[in-house]
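So the structure is just underneath, and the comments pick up after that.
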């Protein structure tokens, strides 16, 4: 499970069924080494290259990569007057990055004098993910953010009958679905295209990225003279364990109804 987001043990909320208690602040920080080489590029130039990165897990937030300041190319950075305050880490200062004719304003932050409880942040810097053009996890492009090592994606074949309906119109009816379980998210049923009412679906321009599954395309529904946007999505080249859902589609929309073995999902 993700450590600092519910129901993780460091999420800072009660209600878990455990035989232990964690005494400490409600807002929690945990830092540990990230085990692979990471690089980031801007304007075609490498801005950082680290084999000593760490992930900071913080209650309610996605894990954040920090790296030794020496692994950031100092000649591409410029100190700014921007500052922010975090009650759990301290006062942050910022750098702007300029490389390859491009500029990323206040893209880098660091804590020159972190609060004592987070003193181990001294000497590390972090970058806003979207401020860079490209990130590499070893030799593979990383999208969205670096993967959390405590986040899982599991895919299983299921014989349950899955139906997706818009009113009385059946959009999908399958006993050959793949059930995808992902940390912190509800189970999703991915359905083979041959079991869908393909004539009612039109390709959407919407695209999203997931660091655990890949790049997703979307489909909208045209029915009775109107269009419901982005009712289904799918991955053509999904990552890792999610590779089994390649070419399958998943449905979710407020105006659709999904039934599993006759029961509402």
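The values are calculated or read from the model by the stated rules, or taken from the named source; none is laboratory data. Everything numeric here is computed off the predicted structure, so don't read it as measured data. Backbone-built Cβ (ideal geometry, glycine too); neighbour counts: all protein chains shown.
Couple of notes before you dig in:
- Screening residue 6 against (1) loosely packed, with under 15 Cβ neighbours inside 10 Å; (2) at pLDDT 90 or above; (3) closer than 14 Å to residue 150 by Cβ leaves a single unmet condition, (2).
- Within the set 171, 146, the sole residue that is modelled with pLDDT of 95 or more and either under 15 Å from the mean Cα position of the chain (by Cα) or part of a strand (DSSP E or B) (or both) turns out to be 171.
- Condition met for residue 21 (surrounded by fewer than 19 Cβ atoms within 10 Å (Cβ to Cβ), more than 24 Å from the chain's Cα centre (by Cα), outside the structural domain of residue 185 (by TED's automatic domain parsing) and not in a strand (DSSP E or B)): yes
- As a summary of the residue check, residue 9 satisfies the conditions (1) part of a loop (DSSP other than H, G, I, E, B); (2) under 19 Å from the mean Cα position of the chain (by Cα) except for the one numbered (2).
- If the condition is being assigned to a loop (DSSP other than H, G, I, E, B) and either within 16 Å of residue 167 (Cβ to Cβ) or in contact with a strand residue (DSSP E or B) (Cβ under 6 Å, 6 or more places away or on another chain) (or both), then the range 224-236 contributes 224, 225.
- If you filter the range 122-173 down to residues that are closer than 22 Å to residue 106 by Cβ and free of Cβ contacts under 8 Å to residues at least 60 places away in the same chain, you find that the one that is surrounded by the fewest Cβ atoms within 10 Å (Cβ to Cβ) is 130.
- Residues in the range 202-230 that are surrounded by fewer than 16 Cβ atoms within 10 Å (Cβ to Cβ) and in contact with a helix residue (DSSP H, G or I) (Cβ under 9 Å, 6 or more places away or on another chain): 222 only.
For (1) surrounded by 14 or more Cβ atoms within 10 Å (Cβ to Cβ); (2) in the same structural domain as residue 103 (by TED's automatic domain parsing); (3) touching a residue at least 60 places away in the same chain (Cβ under 8 Å); (4) more than 17 Å from residue 120 (Cβ to Cβ), each residue gets a yes or a no:
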| site | (1), (2), (3), (4) |
| --- | --- |
| 12 | yes, no, no, yes |
| 33 | no, yes, no, no |
| 46 | yes, yes, no, yes |
| 50 | yes, yes, no, no |
| 56 | yes, yes, yes, no |
| 61 | no, yes, no, yes |
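- Test: residue in the range 86-95 that is in contact with a strand residue (DSSP E or B) (Cβ under 8 Å, 6 or more places away or on another chain) and touching a residue at least 40 places away in the same chain (Cβ under 8 Å): yes
- Within the range 174-196, the set of residues being touching a residue at least 24 places away in the same chain (Cβ under 8 Å) and part of a strand (DSSP E or B) comprises 178, 179, 180, 181, 182, 188, 189, 190, 191, 196.
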